[in-house]
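*Asks:* The structure's right below; bear with me while I get my questions together.
The values are calculated or read from the model by the stated rules, or taken from the named source; none is laboratory data. Predicted, not measured: the structure shown is a model, and the values here were computed from it. Cβ placement follows ideal geometry from the backbone for every residue including glycine, while neighbour counts extend to all protein chains displayed. Accessible surface is based on the protein model in full, side chains and every heavy atom, while ligands, DNA and RNA are left aside. Shrake-Rupley method; radii C 1.70, N 1.55, O 1.52, S 1.80 Å.
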Amino acid sequence: MVQGKVAVVTGSNSGIGLGVAEELARAGAHVAINSFTDRPEDHALAADMAARHGVKVVYIQADMSDGAACRALIDKAAAALGRSLYAVCACLA
């Protein structure tokens, strides 16, 4: 159902958001994971998820309290993964 589609999951470098991103990738979706941090381990998480599930996964830093950053997140995800955005999942604490 989601194979080949593009999903953006916010708050997804840990907890529920990470679980949602993992399941979307496992089902074959290309996924943009996100948090407000921008550490090497955030990018490594994306690379590991991509390798394990055979899909494209990118990490994009953005502060979800900033409207411009939210819009930029979607634009960057579309540029990196394709314009066929299927889902945006907000997983914020």
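*Asks:* Of a type outside the set (A, V, I, L, M, F, W, C), open to solvent by less than 30 Å² (accessible area, probe 1.4 Å) and not in a loop (DSSP other than H, G, I, E, B): is that true of Asp48 in this structure?
*Replies:* Details: of a type outside the set (A, V, I, L, M, F, W, C): yes; open to solvent by less than 30 Å² (accessible area, probe 1.4 Å): no; not in a loop (DSSP other than H, G, I, E, B): yes.
In short, no.
*Asks:* Out of all the residues in segment 48-58, is one or more among the acidic types (Asp, Glu) and under 19 Å from Glu22 (Cα atoms)? Spell out how you get there, then give the answer.
*Replies:* Just the residues of segment 48-58 that are among the acidic types (Asp, Glu), to begin with: 48.
With the extra rule that they be under 19 Å from Glu22 (Cα atoms), the set shrinks to 48.
The answer is yes, given that some residue of segment 48-58 is among the acidic types (Asp, Glu) and under 19 Å from Glu22 (Cα atoms).
*Asks:* What's the total number of residues in segment 59-79 that are open to solvent by less than 40 Å² (accessible area, probe 1.4 Å) and not in a helix (DSSP H, G or I)?
*Replies:* Counting residues in segment 59-79 that are open to solvent by less than 40 Å² (accessible area, probe 1.4 Å) and not in a helix (DSSP H, G or I) gives 3.
*Asks:* Just give me the residues in segment 1-32 being assigned to a strand (DSSP E or B) and closer than 15 Å to Arg83 by Cα, in sequence order.
*Replies:* Within segment 1-32, the first condition is being assigned to a strand (DSSP E or B), and the residues that meet it are 6-10, 30-32.
Selection gives Val6, Ala7, Val8, His30, Val31, Ala32.
*Asks:* Next question, about the same structure. If you take the residues of segment 6-32 that are surrounded by fewer than 24 Cβ atoms within 10 Å (Cβ to Cβ) and hydroxyl-bearing (Ser, Thr, Tyr), which of them is nearest to Cys70 (Cα to Cα)?
*Replies:* Ranking the qualifying residues of segment 6-32, first place goes to Thr10.
*Asks:* Here's another thing I want to ask about it. State whether the residues of segment 33-40 include one that is hydrophobic (A, V, I, L, M, F, W, C), open to solvent by less than 70 Å² (accessible area, probe 1.4 Å) and either more than 20 Å from Val2 (Cβ to Cβ) or assigned to a loop (DSSP other than H, G, I, E, B) (or both).
*Replies:* At the first step, the residues of segment 33-40 found to be hydrophobic (A, V, I, L, M, F, W, C) are 33, 36.
From what's left, open to solvent by less than 70 Å² (accessible area, probe 1.4 Å): 33.
Those left that are additionally either more than 20 Å from Val2 (Cβ to Cβ) or assigned to a loop (DSSP other than H, G, I, E, B) (or both): none.
No, every residue in segment 33-40 fails to be hydrophobic (A, V, I, L, M, F, W, C), open to solvent by less than 70 Å² (accessible area, probe 1.4 Å) and either more than 20 Å from Val2 (Cβ to Cβ) or assigned to a loop (DSSP other than H, G, I, E, B) (or both).
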